[in-house]
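Each reported figure results from applying straightforward, stated rules to the coordinates on display, with no laboratory input. Remember, predicted model here, so these are calculated numbers, not experimental data. Positions of Cβ are generated from backbone atoms using ideal geometry, with glycine treated the same way; all protein chains shown enter the neighbour counts.
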């Protein structure tokens, strides 16, 4: 089988690309190694920038989002026993939307399948070849059979552990990596949100975040060691620690409820360069990972696809291949700014086991600088709501 664009991975990046290409009459197919229930059920990010919502609206995949998403106009920073609200809408004129990534994925899958875009679930792509020649080939296994797909271009949207990034020759590849000395214990709970907006807390015991997925479901995080065993954390211990870290700030009371999911995630930053080699393009987590503090992972994937789809449409509609060369550099300008913001938020809010007493005092002073300065608040707000997709 031959198709114009072969897409590996049915996450937000791959699904959005397929939808945008379909709307321009460009054929594609998505190969996803996992089952549909797994893809639609995995819990990931939950915050969408204004630009991401605008793009989902333009592509006809935001109807349910507008009905169910929680719209936020600010966040709170909690530290040193005080609460400081940052009004991101007043500072930027923009908003953010709380809507789980799994819900975005459900909407994207439904839209693509309704339009006849083929998505092969449990189709394990194991080899990509020909990307330096006239035609690319993807070999994959589906329903017990080895299959071959040829295509003009390959979009590697298969995540950090996928095969696409490994196709870039070693002498050309640069991987920029940072491992943080802490992780997040994350929970999902049947509990009404403590506040209407996100709470970012710096505490002597470590960082804490209280966010939500709906009016009845809370998503909470605690800073822990990166190799922490989740079995060491009973429900009572989790709620007690959240109350200890969050509840001491100006009388804040924490909402509690049944914990339905818990896991520990290590924190890292990663950027792959280049993002294109021959007929293959990297997008989303296959090209970059950010710590979740700044809520940039899914939004970066969406901005990658905005740029990539524009390049593919220019080629197929105008026979203009010039945007292929600028794809990586254009994306990387935004990626590195998002990496800086994510690193900054993470470093400013977390206790590092490597920090000296001087570092800890300086970090609290930095939080005061941001929280009490219009300039500092504006810098945070502009990055939080999302930078333009193209510089």
I want to check the label-to-label distance for residue 375 and residue 179. Put each point 7 Å from Cα in the C-beta direction and report it in nm to one decimal.
3.8
With angles folded into 0 to 90 degrees, how steeply does helix 101-114 sit against the dominant principal axis of the chain? Use alpha carbons for both and round to 10.
20
Working out 0.36 nm times the residue gap between residue 124 and residue 258, then minus their Cα-Cα distance, what length gain in nm do you get to one decimal?
44.6 nm
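With the alpha-carbon atoms as the only input, what is the per residue convex hull volume for the range 336-381 in Å³?
About 70 Å³ per residue, rounded to a whole number.
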Cα-based helix-to-principal-axis angle, 322-349 vs the chain, degrees rounded to 10:
20
Looking at the chain as a GNM with Cα springs under 10 Å, which of 172, 367, 380 has the largest mean-square fluctuation?
172
Degrees between helix 12-23 axis and first principal axis of the chain (Cα, 0 to 90, nearest 10):
50
Once you've got the GNM for the chain with C-alpha springs shorter than 10 Å, pick whichever of 12, 193, 353 has the biggest mean-square fluctuation.
353
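Counting DSSP beta bridges in the range 1-131, what percent are antiparallel, to the nearest 5?
The answer is about 60 percent antiparallel.
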By counting other Cβ atoms within 10 Å of each Cβ, how are 148, 374, 5 ranked from fewest to most?
374, 148, 5
Relative contact order computed over the range 280-391 (Cα-Cα under 8 Å; 6+ residues apart), in percent
29
PRE reach from residue 190 (point 7 Å along Cα→Cβ): which of the range 209-234 fall under 16 Å by backbone N?
213-219
Mean separation of Cα pairs under 8 Å and 6+ residues apart, divided by the residue count of the chain: what relative contact order is that in percent?
21
Just how far, in whole angstrom, is the range 1-67 from the range 76-96 if you go by their alpha carbon centroids?
31
Between residue 146 and residue 250, what is the spin-label point distance in nm, taking each point 7 Å from the Cα along the Cα→C-beta axis?
6.5
At 0.36 nm per residue, minus the direct Cα-Cα distance, what do residue 326 and residue 205 gain on full extension? Give it in nm, one decimal, please.
39.1 nm
How much length, in nm to one decimal, is gained on full extension between residue 236 and residue 1, taken as 0.36 nm per residue of separation minus their Cα-Cα distance?
79.1 nm
Kindly list the residues of the range 17-55 that lie in the label zone of residue 113, defined by a backbone N under 17 Å from the point 7 Å along the Cα-to-C-beta vector.
18-19, 29-42
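For an R0 of 25 angstrom, estimate the FRET efficiency from the Cβ-Cβ distance between residue 390 and residue 71 and round to the nearest 0.05.
Details: r = 25 Å, r/R0 = 1.01.
Working from the Cβ atoms, E equals 0.50.
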Determine the percent antiparallel among the DSSP beta bridges restricted to the chain, to the nearest 5.
75
Relative contact order (percent, whole number), the range 1-152, Cα cutoff 8 Å, 6+ residue spacing
31
